[in-house]
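Let me begin by presenting the structure, written as structure tokens, before commenting on it.
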Amino acid sequence: KSYNLKNNLDILKIKKLKLNFLLVFGWSRLVPEWLIKHVKLATIGVHAGIYSPPRSRGRAVFNWALIGGYKKMLCYAMMLKPGVDNGDIFIKRNISITQHDDIESLYLKNSLISSEFFYKIISNWGYYKKNLTKQSNNLASYFPKREPSDGFINWNNNVDEIFNLIKALKIPYPNAYTEYKSTKILINEAMPFEYYKKSRKKNGEIVTVFPDQKFLVRCKDSFLLVKSFKTSKDFTPKVGMKFISSSIKKFDFSKI
């Protein structure tokens, strides 16, 4: 009835359950304290970050890692507390982010690792409950929540920065997007495209349109091949069209 688990019917129904373990995966809300206390042995959650805890707590960590062009992440399982990703840690493992990864493949990697974490902890509970690593809140940092509007492309950025944003916001996310006049174009798939170094085209301008409607867009340092897009209006890409660029400032990863 309620995603935040504050509905009285939810509370009454869950409190009737006898829970030894509660596994939390992909739940983008804080688990309320009453529920954590109701669980007999442990509420176990998973998280990941571009840096070791207590850094890189917070929201959309896989999206942010792709946007920032990072090559690895640290996944971990923890004993959940009422705060934000501040629980004592059971187990940790690094995962790589390759040039082929996008948000879907990162989540698949995370689902496999998290499943292994849950199985190991529960099946060896006697060991893991005695070998928790306490998290300090010193130097804690938090990724902010992302909004669909944060996916607005700035064509004055380098092609790799734009490509990373598109990879991070592929379906099932709402996609990175651009605008031409009053038309919003959602881009689900694209790739950097080395064509020629010099061009008189402006950043955000369509350079070439192929017969299948794929098209090249000029970026700050190179070109982007847009392979898959959709719009709510009729839109046919044409050479010379210039997309509007976002004015959103780049995220400062040094704060994380």
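So in region 226-256, with the set limited to residues that are in a loop (DSSP other than H, G, I, E, B), surrounded by fewer than 17 Cβ atoms within 10 Å (Cβ to Cβ) and hydroxyl-bearing (Ser, Thr, Tyr), which one is nearest to the chain's Cα centre (by Cα)?
Per the criteria, the residue is Ser247.
Can you tell me which residue in region 189-198 is surrounded by the most Cβ atoms within 10 Å (Cβ to Cβ), limited to those that are over 18 Å from Gly69 (Cα atoms) and in contact (Cβ under 8 Å) with a residue 24 or more places away in the chain? It would help to see each step written out before you state the result.
First pass over region 189-198, keeping only residues over 18 Å from Gly69 (Cα atoms): 194-198.
Within this subset, residues satisfying the condition of being in contact (Cβ under 8 Å) with a residue 24 or more places away in the chain are 194-195.
Values: Glu194: 9, Tyr195: 12.
The selected residue is Tyr195.
Scan (1) within 21 Å of Asp102 (Cβ to Cβ); (2) touching a strand residue (DSSP E or B) at 6+ places or on another chain (Cβ under 7 Å) for the single condition Asn164 breaks and write down its number.
(2)
Considering region 221-256 alone, what residues qualify as being closer than 16 Å to Glu194 by Cα and either of a type outside the set (D, E, K, R) or at pLDDT below 95 (or both)? Don't jump to the end; show me each part of the working.
Initial filter on region 221-256 (closer than 16 Å to Glu194 by Cα): 221-227.
Of everything in region 221-256, those that are closer than 16 Å to Glu194 by Cα and either of a type outside the set (D, E, K, R) or at pLDDT below 95 (or both) turn out to be Asp221, Ser222, Phe223, Leu224, Leu225, Val226.
Counting only residues that are under 24 Å from Phe210 (Cβ atoms), part of a loop (DSSP other than H, G, I, E, B) and either aromatic (Phe, Trp, Tyr) or at pLDDT below 95 (or both), how many does region 141-170 have?
The qualifying residues number 1.
How many residues does region 52-85 hold that are assigned to a loop (DSSP other than H, G, I, E, B), among the charged types (D, E, K, R), buried (at least 19 other Cβ atoms within 10 Å of the Cβ) and at negative phi?
0
Within region 214-225, how many residues turn out to be open to solvent by less than 70 Å² (accessible area, probe 1.4 Å) and over 15 Å from Phe243 (Cβ atoms)?
Pass one, region 214-225, residues open to solvent by less than 70 Å² (accessible area, probe 1.4 Å): 214-219, 222-225.
With the extra rule that they be over 15 Å from Phe243 (Cβ atoms), the set shrinks to 214, 222.
Selection size over region 214-225: 2.
Quick one: is Glu147 open to solvent by 40 Å² or more (accessible area, probe 1.4 Å) and among the acidic types (Asp, Glu)? Before you say what the answer is, go through the steps one by one.
Values: open to solvent by 40 Å² or more (accessible area, probe 1.4 Å): yes; among the acidic types (Asp, Glu): yes.
Judged against the criteria, Glu147 is a match.
Report the residue count in region 171-188 for those that are assigned to a strand (DSSP E or B), of a type outside the set (Phe, Trp, Tyr) and free of Cβ contacts under 8 Å to residues at least 40 places away in the same chain.
1
The values are calculated or read from the model by the stated rules, or taken from the named source; none is laboratory data. Remember, it's a predicted structure, so these values are computed and weren't measured experimentally. Reconstructed Cβ throughout: ideal geometry from the backbone, glycine too, with neighbour counts over all protein chains shown. These accessible areas exclude ligands, DNA and RNA; they are computed on the full protein's heavy atoms, side chains included. Shrake-Rupley method; radii C 1.70, N 1.55, O 1.52, S 1.80 Å.
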